[in-house]
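The values are calculated or read from the model by the stated rules, or taken from the named source; none is laboratory data. These numbers were taken from a predicted model, which means no experiment stands behind them. Neighbour counts run over all protein chains shown; Cβ positions are idealised from the backbone, glycine included. The accessibility values were calculated without ligands, DNA or RNA, using every heavy atom of the protein model including side chains. Shrake-Rupley method; radii C 1.70, N 1.55, O 1.52, S 1.80 Å.
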Amino acid sequence: MMRLIRAGLNGIAIAAGLLAVGSVAAQPLPYQSPHETLGTVTCASSLCHGAIKLWKDSPVLQNEYITWSRTDKHTRAYNVLLNARSQKIAKNLGLKQAAHEAKICLDCHAHNIPEERRGERFKLADGIVCESCHGPAEKWIKPHVNPVSDPAKHHAFNVENGLYDTADATSRAKLCLSCHFGNKDKLVTHRIMGAGHPRMSFELDTFTEIAPKHFVIDKDYGERKRIWEGVKTWAVGQALAVADTMDILVDEKLGRDGLFPELVLFDCHACHHAMSDGRWKPKTAFGPSISPGLVRLNDSNLLMLRALANAVDPKLGERVREQTQKLHRAVAGEGNARNEAMALKKLAGEVVPVIANTDFAAPVVRRVLAGLIDDGIAGYYSDYAAAEQATLAMSSVGSFLSKQGAMRAPAAFNANLKKLNALLVNDERYQPQQFVVQLKDLRKSIE
């Protein structure tokens with residue numbers, strides 16, 4: 001369930017000079033690491049991360065394993081493959097193996113690494129485990145349990161030894177998107193969804209907040225790691241989602257499915273509706289709309305990126321709008337789609353350091369939020385995916401504004417956001433006109 005305004009710790013602004021999107025690949029993702037995975041039980045001791053009660057005066061909670069094993073859905077990711085729906089999907093796809101044995105399923109439902117990198121205590125059935133996110137522990141486990149003399153350097157030292165830096169939002173976005181969206185190694189394709197897999201939907205800040213917490217962002221955390229503002233986490237997630245989409249779009253293997261393009265990159269409901277519906281309308285967020293009868297790219301992340309860029313740097317926002325329009329035109333046959341996609345990926349990379357250098361004070365955040373709402377009132381969220389991403393974004397940005405004490409009527413905003421969420425419960429029954437009406441009420445709550 002999408003969250004409403006939530007209290008929480010997100011802290012201070014990060015240092016300027018973030019890596020651009022194109023250079024985030026410096027650290028391999030955990031499943032790409034050459035190091036050995038030791039297994040979840042390595043972390044489960046009551047003297048490490050398996051304590052039932054919190055340790056007094058400890059810089060970490062030390063009950064992280066308990067939180068993961070009892071309340072985190074990641075621990076049940078493998079078991080999902082054993083249910084009837086998963087077995088049916090595997091059968092529909094014509095897989096030679098059952099879902100819980102097929103690489104195409106295990107790559108996202110487990111820490112599916114090569115046999116030679118699995119330690120003696122590794123269990124595939126554990127699902128998405130500690131080392132799926134924090135990296136194989138072969139090289140960093142010893143310095144992790146034997147801290148360096150300077151606590152401020154402890155985290156950096158572990159990262160040097162292979163710990164995946166999930167505290168960094170760019171790294172975290174790359175990691176989460178690899179399963180919740182896809183990358184060059186794994187992707188929930190249109191065929192997989194056609195076989196019965198649920199539609200994928202993801203927004204980094206929201207998913208970070210709704211996940212069971214196994215860390216506390218406090219003074220000690222800030223001394224060891226970078227603290228990210230929630231609005232920056234959302235923004236970086238959008239930029240990297242755009243970059244990943246462009247990579248997949250131009251990939252000769254992933255971007256096509258036989259005669260057709262990879263349809264998972266397009267707006268689902270452009271096709272999935274009754275022909276008598278007559279729902280096509282011009283969509284002018286990025287300039288003149290492409291003609292009816294053509295399947296539109298899913299541009300929900302692009303709409304978010306444009307709204308963000310427009311709020312912090314209108315000239316940059318206009319460049320995003322123009323380049324996205326060029327891509328839409330190229331996909332429709334009026335240009336070179338590969339060139340336009342790569343240009344858009346490069347532009348998304350330019351947005352990341354702008355985010356890093358922006359002081360997201362209340363006026364700027366309010367401008368972002370107002371822009372998101374106004375775009376919707378103007379009809380930019382006529383498709384479900386855009387409305388969904390916009391609602392997640394407004395929740396994230398509004399939450400940040402509330403924590404700054406700059407939300408004038410948080411209760412009213414919450415109430416209207418809840419009504420907005422209610423309109424998104426069933427994607428097949430989404431009515432853009434109703435969404436616009438509710439957005440107007442939401443707009444009043446921030447004026």
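Key figures
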| quantity | calculated |
| --- | --- |
| Qualifying residues in the range 407-431 (those that are among the hydrophobic types (A, V, I, L, M, F, W, C), under 20 Å from Val364 (Cα atoms) and in contact with a Gly (Cβ under 9 Å, 6 or more places away or on another chain)) - the one most open to solvent (accessible area, probe 1.4 Å) | Met407 |
| Of all residues in the range 132-159 being within 14 Å of Arg224 (Cβ to Cβ) and of a type in the set (D, E, K, R), the one that is least open to solvent (accessible area, probe 1.4 Å) | Asp150 |
| Those residues of the range 433-447 which are in contact (Cβ under 8 Å) with a residue 24 or more places away in the chain and either aliphatic (A, V, I, L, M) or buried (at least 20 other Cβ atoms within 10 Å of the Cβ) (or both), in sequence order | Phe435, Val436, Leu439, Leu442, Ile446 |
| Unmet criterion (only one of (1) among the hydrophobic types (A, V, I, L, M, F, W, C); (2) in contact with a Leu (Cβ under 9 Å, 6 or more places away or on another chain); (3) open to solvent by less than 50 Å² (accessible area, probe 1.4 Å)) for Cys271 | (3) |
| Cross-chain or 6+ apart pairs with Cβ under 8 Å, the range 210-238 first and in a helix (DSSP H, G or I) and open to solvent by less than 40 Å² (accessible area, probe 1.4 Å), then β-branched (Val, Ile, Thr) and modelled with pLDDT under 85 | Tyr221/Ile227; Gly222/Ile12; Lys232/Ile14 |
| Neighbours by Cβ (under 6 Å, 6+ apart or cross-chain): first from the range 48-65, in contact (Cβ under 8 Å) with a residue 12 or more places away in the chain; second crowded, with 16+ Cβ neighbours inside 10 Å and among the polar types (S, T, N, Q) | His49/Gln62; Ala51/Gln62; Ala51/Asn63 |
| Filter result for Met200 (outside any loop (DSSP other than H, G, I, E, B), within 22 Å of the chain's Cα centre (by Cα), of a type outside the set (Gly, Ala, Ser) and more than 28 Å from Ser45 (Cα to Cα)) | no |
| Test set (1) within 15 Å of Glu36 (Cα to Cα); (2) touching a residue at least 12 places away in the same chain (Cβ under 8 Å) - Pro114 fails condition number | (2) |
| Those helices (runs of 4 or more DSSP H) lying entirely in the range 64-146 with at least 2 residues at pLDDT below 95, more than 27 Å from the chain's Cα centre (by Cα) and closer than 29 Å to Asp168 by Cα | 141-145 |
| Hits in the range 341-392 (condition: in a helix (DSSP H, G or I), within 20 Å of Asp441 (Cβ to Cβ), hydrophobic (A, V, I, L, M, F, W, C) and open to solvent by 40 Å² or more (accessible area, probe 1.4 Å)) | Ile377 |
